[in-house]
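Structure, as structure tokens:
The values are calculated or read from the model by the stated rules, or taken from the named source; none is laboratory data. The structure displayed is predicted, hence computed values, not measured ones. Backbone-built Cβ (ideal geometry, glycine too); neighbour counts: all protein chains shown. Calculation scope for accessible area: heavy atoms of the full protein, side chains included, ligands and nucleic acids excluded. Shrake-Rupley method; radii C 1.70, N 1.55, O 1.52, S 1.80 Å.
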Amino acid sequence: MARLESKGGIGVFGGTFNPIHLGHLIIAEKAREALNLKRIVFIPSRYPPHKGTPEIGAIHRYRMVKLAISTNPYFITSQIELRRKGISYTIDTVRALKKLYSKEKDFYLILGLDSYLEIGAWKDIEKLARLIRFIVVKRPGYQIPPHTNYTSNKVSSLPVKFLNLGPIGISSTEVRNRIKDGGSVRYLLPKNVMDYIFQRHLYE
Ligand code: ATP
């Protein structure tokens with residue numbers, strides 16, 4: 001577990017980002033600071049394995065991520081999953097990133113507790129766990145199981161670090177629903193992302 005604290009690694013933050021919201025940015029910045037990461041790579045998923053195809057195309061979601069991270073020099077985004085055909089599996093992405101950043105040793109996968117609780121169903125999860133460390137962020141409505149012994153989905157041996165950050169009650173689902181209902185999304189999204197959405201009438 002001590003190596004989890006090592007300095008200067010790469011954070012990998014995958015998501016549908018449909019759309020990206022301030023919760024994503026807060027989590028990424030907190031992880032960067034806590035682990036002293038050199039970079040966080042935001043990776044919009046083209047076809048998320050467990051969510052169905054998002055109604056908003058991947059290129060819009062990617063552009064919104066780009067806008068959202070534009071003021072943070074530590075944040076970058078990658079089209080790696082947009083360019084790859086078929087379902088966007090994290091194992092394929094992490095392998096590709098490790099080739100790309102071949103001089104780096106430490107890679108951290110940042111994910112919310114909701115995603116973490118489903119990790120047993122991910123493709124090649126045990127191989128993935130040998131390539132990258134999991135940094136998990138609490139999320140309202142999701143509980144860390146008291147015994148945290150995932151023998152049934154074979155993740156009991158995964159080294160996991162829980163990021164000490166109060167739960168953040170923002171989700172892309174809430175943002176989409178509010179826009180559909182004509183509600184306010186101010187302070188849930190960066191302003192430039194809000195403008196992008198409204199100019200193109202996305203999610204209406
Ligand atoms: P949706 O509401 O459409 O399911 P989402 O808000 O979960 O979307 P994603 O792009 O699917 O957004 O999330 C990317 C990653 O960020 C996932 O690992 C997810 O668990 C995490 N995440 C997103 N929002 C939060 C939040 N408020 N707290 C903790 N983790 C979050």
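Tabulated results
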item: Descending principal axes extents, the chain, alpha-carbon based, whole Å; result: 46, 38, 33
item: Selected from S171, M194, V41, residue furthest toward positive end of dipole (the chain; charges at beta carbon); result: V41
item: Under 25 Å from K180, Cα to Cα: lysines that are on another chain or at least 8 residues apart; result: K51, K66, K191
item: Carbon/sulfur fraction of accessible area - segment 10-168, other protein chains in place, 1.4 Å, %; result: 51
item: Packing-based ranking, highest mean first, of 90-100, 181-191, 19-29 given that Cβ atoms within 10 Å are counted; result: 19-29, 90-100, 181-191
item: 0 to 90° range, to nearest 10: angle between helix 58-69 axis and the chain longest Cα axis; result: 80
item: Straight-distance crosslink candidates among aspartates and glutamates, where the alpha carbon sits under 19 Å from K123 and sequence neighbours closer than 8 are dropped; result: E81, D92, D114
